[in-house]
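Engineer: Starting off with a structure, shown below.
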Amino acid sequence: MDPFDNKILFLPMIEDLHWSLIVVVNPGLVANNFDADTPDVPYQGNGFDGGTFVCRYAYSLYVMRQQQFTWADALEKPAFTSLITNGPAFQFDMSDMARIRGELALLIDRLTNRRDG
């Protein structure tokens with residue numbers, strides 16, 4: 001698989017117990033000098049939900065995968081970042097983390113049972 005043929009790439013990273021998520025949209029179109037953009041998204045407010053936030057960010061972007069935008073849209077800032085910042089998929093905060101942790105645990109259990117069948 002050529003990663004440059006994908007519409008979106010999710011690259012989860014962990015360093016010193018800190019989770020981060022790098023997301024590359026249309027990697028085949030990204031020029032070497034294109035500036036990275038950091039939208040205003042919900043942030044972790046404790047020392048243990050980093051992985052949960054990374055999973056929720058990935059899910060939110062997955063939900064947005066069919067949203068249409070052009071290269072010109074990507075260059076128009078802050079309008080492009082507001083697609084994420086103000087989008088319904090990113091309307092969550094620390095108060096949602098206990099529920100999201102529970103949903104992830106249930107998903108992992110179901111996938112494990114399915115695999116072990």
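Engineer: Restricting to region 2-18, and then to whatever is of a type in the set (A, V, I, L, M) and surrounded by 10 or more Cβ atoms within 10 Å (Cβ to Cβ), can you tell me which residue is modelled with the lowest pLDDT?
Structural biologist: Step by step, filter region 2-18, then rank; the result is Ile8.
Engineer: Select from region 86-101 the residues that are open to solvent by less than 40 Å² (accessible area, probe 1.4 Å) and part of a helix (DSSP H, G or I) and list them in ascending order.
Structural biologist: Ala89, Phe90, Asp96, Met97, Ile100
Engineer: Would region 60-71 turn up any residue that is open to solvent by 80 Å² or more (accessible area, probe 1.4 Å) and of a type in the set (Val, Ile, Thr)?
Structural biologist: Among the residues of region 60-71, not one is open to solvent by 80 Å² or more (accessible area, probe 1.4 Å) and of a type in the set (Val, Ile, Thr), which makes the answer no.
Engineer: So Phe69 fits all but one of (1) at pLDDT below 75; (2) within 24 Å of Met1 (Cα to Cα); (3) within 18 Å of the chain's Cα centre (by Cα); what number is the exception?
Structural biologist: Of everything listed in (1) at pLDDT below 75; (2) within 24 Å of Met1 (Cα to Cα); (3) within 18 Å of the chain's Cα centre (by Cα), Phe69 misses just condition (2).
Engineer: Could you please let me know if Arg110 is charged (D, E, K, R), surrounded by 15 or more Cβ atoms within 10 Å (Cβ to Cβ) and in a helix (DSSP H, G or I)?
Structural biologist: no
Engineer: Taking into account only those residues within region 41-66 that are in a loop (DSSP other than H, G, I, E, B) and in contact with a Gly (Cβ under 8 Å, 6 or more places away or on another chain), which is farthest from Ser20 (Cα to Cα)?
Structural biologist: The selected residue is Met64.
Engineer: Also: Just one of (1) open to solvent by 70 Å² or more (accessible area, probe 1.4 Å); (2) touching a Ser or Thr at 6+ places or on another chain (Cβ under 9 Å); (3) at pLDDT 90 or above trips up Pro78, so point out which.
Structural biologist: (3)
Engineer: Here's another thing I want to ask about it. Does Ala105 satisfy being among the aliphatic types (A, V, I, L, M) and under 21 Å from Met64 (Cβ atoms)?
Structural biologist: The answer is no for Ala105.
Engineer: Under 6 Å between Cβ atoms, which residue pairs at least 6 apart in sequence (or on different chains) link something in region 1-29 that is free of Cβ contacts under 8 Å to residues at least 24 places away in the same chain with a partner that is among the small types (Gly, Ala, Ser)?
Structural biologist: The qualifying pairs are Met13/Ser20.
The values are calculated or read from the model by the stated rules, or taken from the named source; none is laboratory data. The structure presented is a predicted model; accordingly, all values stated were derived computationally and were not measured. Please note: Cβ atoms are built from the backbone with ideal geometry, for glycine as well, and neighbour counts cover all protein chains shown. For accessibility, only protein heavy atoms count, side chains too; no ligands or nucleic acids. Shrake-Rupley method; radii C 1.70, N 1.55, O 1.52, S 1.80 Å.
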